[in-house]
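Before any comments, here is the structure.
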Amino acid sequence: MDSSLYIRQARLHGQEGLSDIAVRNGRIASIEPARPEPPPGNLSVIDAAGRLADRGFVNIHTHLDKANLLYRMTPELFGGTLEENREFLKRLKRAYRKEEVKERARTVIEEMITNGVTAIRTQVDVDPTARLAALEALLELKQEMASRITLQLSAFPQEGVLKAGARELMEEAMRLGADVVGGLPLVESSWDDRRRHIDILFEIARRFDRDIEAQVDESNNPQEFILPYLAEKALAEGMQGRASATHCIALSAVDDAVAARTIEAVAAAEMNVIITPSCNLITRFGLPEGVASRPNNSITRVKELLAAGARVAMGTDNIRDIFYPLGNGSMLREMHVLATTTRMTTNDEIDRLFEMASASGAAVMRLESGIEAGKPADLVVFDAATRRDALCGPGVISHVIRNGRETTRSYILTKEGDDTQCR
Ligand SMILES: [Zn+2]
């Protein structure tokens, strides 16, 4: 079915003057210098009026099955350490029902769409407590919302893969249609078991021909540093370009020589590094013995990874749940946190932030993307003329277009009785 859309007078990043973007059948058909008048014909027209049109955001790491669990928590459930929170979560997960999980996830997806997100990779707990309930819910939702959002599901073994039955559940998740093998080596009890956890992720990935995304090194404790093993394993298995490591915070805590060697290995294994700025900073953890510091946290060595040619992509991580009681699905907000904490504030660095929040995530998900003729029309029109203004402003996204169709737009009432005017 033809779904023609015409975006007029749009500003494109890095280009002089304004452009008109013609969209047909879900793809950008042409980009031409802006005409003074709208084109003839029966087209759906968006008047960008000089505002910036840019790629849609890709939220590469979140947990939709846990989203909004905050509202099911009583104060005593809000624990202090990461380990305690994981235990509390089990109590909530035992009550999971398919429709309830879908409802929470759907609400947050809609919120992300409003925030300009056109594709999401979500982790979904697959473990002896949740079993496959959350995955089945999200698989249904993926189909139901296919016209509005691109959704990828990563089966996430929140309780490890060594427990009895845990690996079998992960394999069943792959058969049911999970897109990615998730991992969390930290939950295993010894270093040998954590390495074995990673080995098993590769075995499952090979068997089902899937990419891997493992959450590693969630705190700035140099003693919790398994990233080098993941990189080594990806190289040894010949799985270059197929493994992602999320968080990698300890990389900021080890000494510079160790970090440099590890970054080299990460780049050689063509791994993706995924960061979730707000959650990275807040993650609470018990103080390991012998580490005399306050329970602060940090963000991985983003600039050094980028300089080494590693792909770095960005996600929001948890939204209003036991691990992160805030969040609204805004990638602009995450970019702001990252810009501030890493001091990435020059124009070039702001471009890198936008890349991490869109193009890099799309590459991790293996999606086509770009503002050019022939590419899928997944784009947003900001209520701003430049990327810096979009980042500094109130975060309003005027139009969100996914697969050539407008999925949401922001309105303000200009005056009573007047038609709403798009801002
Ligand atoms: Zn996460």
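Every number in this text was worked out from the coordinates using simple rules, so none of it is lab data. On a predicted model such as this, the values are computed, not experimentally measured, just so you know. Using ideal geometry, Cβ is built from the backbone for each residue, glycine included, and neighbour counts are taken over all protein chains shown.
Which value in nm describes the separation of the simple spin-label points at SER147 and GLU99, placed 7 Å from the Cα toward the beta carbon? The answer from the label model is 2.3 nm.
For the range 57-364, a simple Cβ point-charge model (Lys and Arg +1, Asp and Glu -1, everything else neutral) yields a dipole of about 540 debye relative to the Cα centre.
For the chain, modelled as a GNM whose springs connect Cα atoms under 10 angstrom apart, the maximal fluctuation among ASP211, ASP47, ASP255 occurs at ASP255. Each Lys and Arg Cβ is given +1 and each Asp and Glu Cβ -1; about its Cα centre, the range 118-181 then shows a dipole of about 160 debye. Amide hydrogen proximity for VAL273: with H placed 1.01 Å from N in the peptide plane, the residues at 5 or more positions away or on another chain lying under 5 Å are ALA245, ARG311, VAL312, ALA313. Report, to the nearest 10°, how far helix 133-144 tilts away from the longest principal axis of the Cα atoms in the chain, using its own Cα long axis and a range of 0 to 90°. Taking Cα atoms only, the helix is inclined about 20 degrees. Treating each Cα of the chain as an identical point scatterer and summing with the Debye formula, the log10 of I(q)/I(0) at q = 0.10 Å⁻¹ comes to -0.68. Close amide H contacts of ARG301 (hydrogens built in the peptide plane, cut-off under 5 Å, sequence separation of 5 or more or a different chain): SER252. Hey, with R₀ at 35 Å, roughly what FRET efficiency would GLU406 and ALA260 work out to, going by the Cβ-Cβ distance, to 0.05? The value I calculate is 0.15. Just to confirm the filter: which chymotrypsin sites (Phe, Trp or Tyr not before Pro) across the range 1-108 are DSSP coil and have at most 14 other Cβ within 10 angstrom of their Cβ? The qualifying sites are PHE78. Angle of helix 227-236 to the longest C-alpha principal axis of the chain, folded into 0 to 90 degrees and rounded to 10: 80°.
What's the angle, to the nearest 10 degrees (0 to 90), between helix 331-342's Cα axis and the longest principal axis of the chain? Long axis of 331-342 versus the principal axis of the chain: about 60 degrees. When the alpha carbon coordinates of the range 1-112 are projected onto the principal axes, the ranges are 61, 33, 19 Å, largest first. Cα gyration tensor of the range 218-341, axes a ≥ b ≥ c as square roots of the eigenvalues: rounded (a/c below 1.5), prolate (a/b > b/c) or oblate? Taking the square roots of the gyration eigenvalues as a ≥ b ≥ c, the range 218-341 is oblate.
Can you say what percent of the DSSP beta bridges in the range 57-364, counting only those with both residues inside, are antiparallel? Round to 5. Bridges in the range 57-364 that DSSP calls antiparallel: roughly 5 percent.
In whole Å, what is the distance between the alpha-carbon centres of the range 31-100 and the range 323-352? Using only Cα atoms, the two centres lie 16 Å from each other. Within the listed set GLN15, GLN152, GLN215, the Gaussian network model of the chain (springs between alpha-carbon atoms below 10 Å) gives the highest mean-square fluctuation for GLN15.
Across the range 101-116, computed HN-Hα scalar couplings (Karplus, 6.51 cos²θ - 1.76 cosθ + 1.60, θ = phi - 60°) run 5, 4, 5, 5, 5, 4, 4, 6, 4, 4, 5, 5, 4, 4, 8, x Hz from first to last residue, x flagging Gly and Pro. Per residue, the chain reaches -10000 deg cm²/dmol at 222 nm when only DSSP H runs of four or more residues are counted, each adding -39500 (n - 2.57). Sparse packing (at most 15 other Cβ atoms within 10 Å of the Cβ) combined with a DSSP loop state is found for the following trypsin sites (Lys or Arg not before Pro) in the range 94-143: ARG94, ARG97.
Largest GNM mean-square fluctuation among MET239, MET331, MET145, using the chain with Cα springs under 10 Å: MET145.
Within a Cβ distance under 11 Å of GLY182, other residues only, what is the Lys/Arg minus Asp/Glu net charge? The answer is -3.
If you count Lys pairs in the range 57-364 whose Cα atoms are under 18 Å apart, skipping same-chain pairs closer than 8 places in sequence, the total is 11.
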